[in-house]
Amino acid sequence: MHKQGNNLHYSVRGSGEFPVDMLKYDGCCPASASDQALIDAHSDPYTDSSEEVVVNLVLLNADRRLPHADRWESFRWEVVGSPHVESDAARIARLQAVWDGLLTSLTPAQREAMDYFRPERVI
């Protein structure tokens, strides 16, 4: 798993039907035509797809977003390189706690002004 620009490249590994809805849920797309072909081959529930495969994906405009590893696992697919995901998730959780602490110290008027002028955050 690595970042290239604002995109996050990662892989998922699994067998059986590929959870196509996860592409929309994560906001990602196949990294190549061959990855799209793997997805197509493993998207039909009536096809024998017991062979384990690795599909490379790109999370576009990732900024502070990460793949939803727990949700992938609920479909019996694993985000490969999860130690990186876990360390990034821990960092985001730490920064979120700092952010929340800062918010509690604001007056209601300061919070209203901040909410009004703050751009949408994606976490």
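Every read-out reported here was derived from the displayed coordinates using simple, explicitly stated rules and does not represent laboratory data. Everything quoted here is computed from the prediction, not taken from an experiment. Note: ideal-geometry Cβ built from the backbone for every residue, glycine included; neighbour counts use all protein chains shown.
Under a crude label model (7 Å from the Cα following the beta-carbon direction), how far is ALA90 from ALA37 in nanometres?
About 4.0 nm, to one decimal.
Between LEU60 and ASN7, what is 0.36 nm times their sequence separation minus the Cα-Cα distance? Round to one decimal in nm.
Taking 0.36 nm per residue and subtracting the Cα distance, the gain is 18.6 nm.
Of the options ALA69, TYR116, MET22, report the single residue whose Cα projects farthest towards the positive end of the charge dipole of the stretch 2-117 (beta-carbon charges: Lys, Arg +1; Asp, Glu -1).
TYR116
In Å, the Kirkwood hydrodynamic radius of the stretch 29-80 over pairs of distinct alpha carbons?
Over the stretch 29-80, the inverse of the mean reciprocal pair distance is 12.3 Å.
With a cut-off of at most 13 other beta carbons within 10 Å, and DSSP calling the residue loop, which GluC sites (Glu not before Pro) in the stretch 1-55 qualify? Please list them.
Of the GluC sites (Glu not before Pro), the ones in loops of the stretch 1-55 whose Cβ has at most 13 other Cβ atoms within 10 Å are GLU51, GLU52.
May I have the convex hull volume per residue, in Å³, for the Cα set of the stretch 2-117?
125
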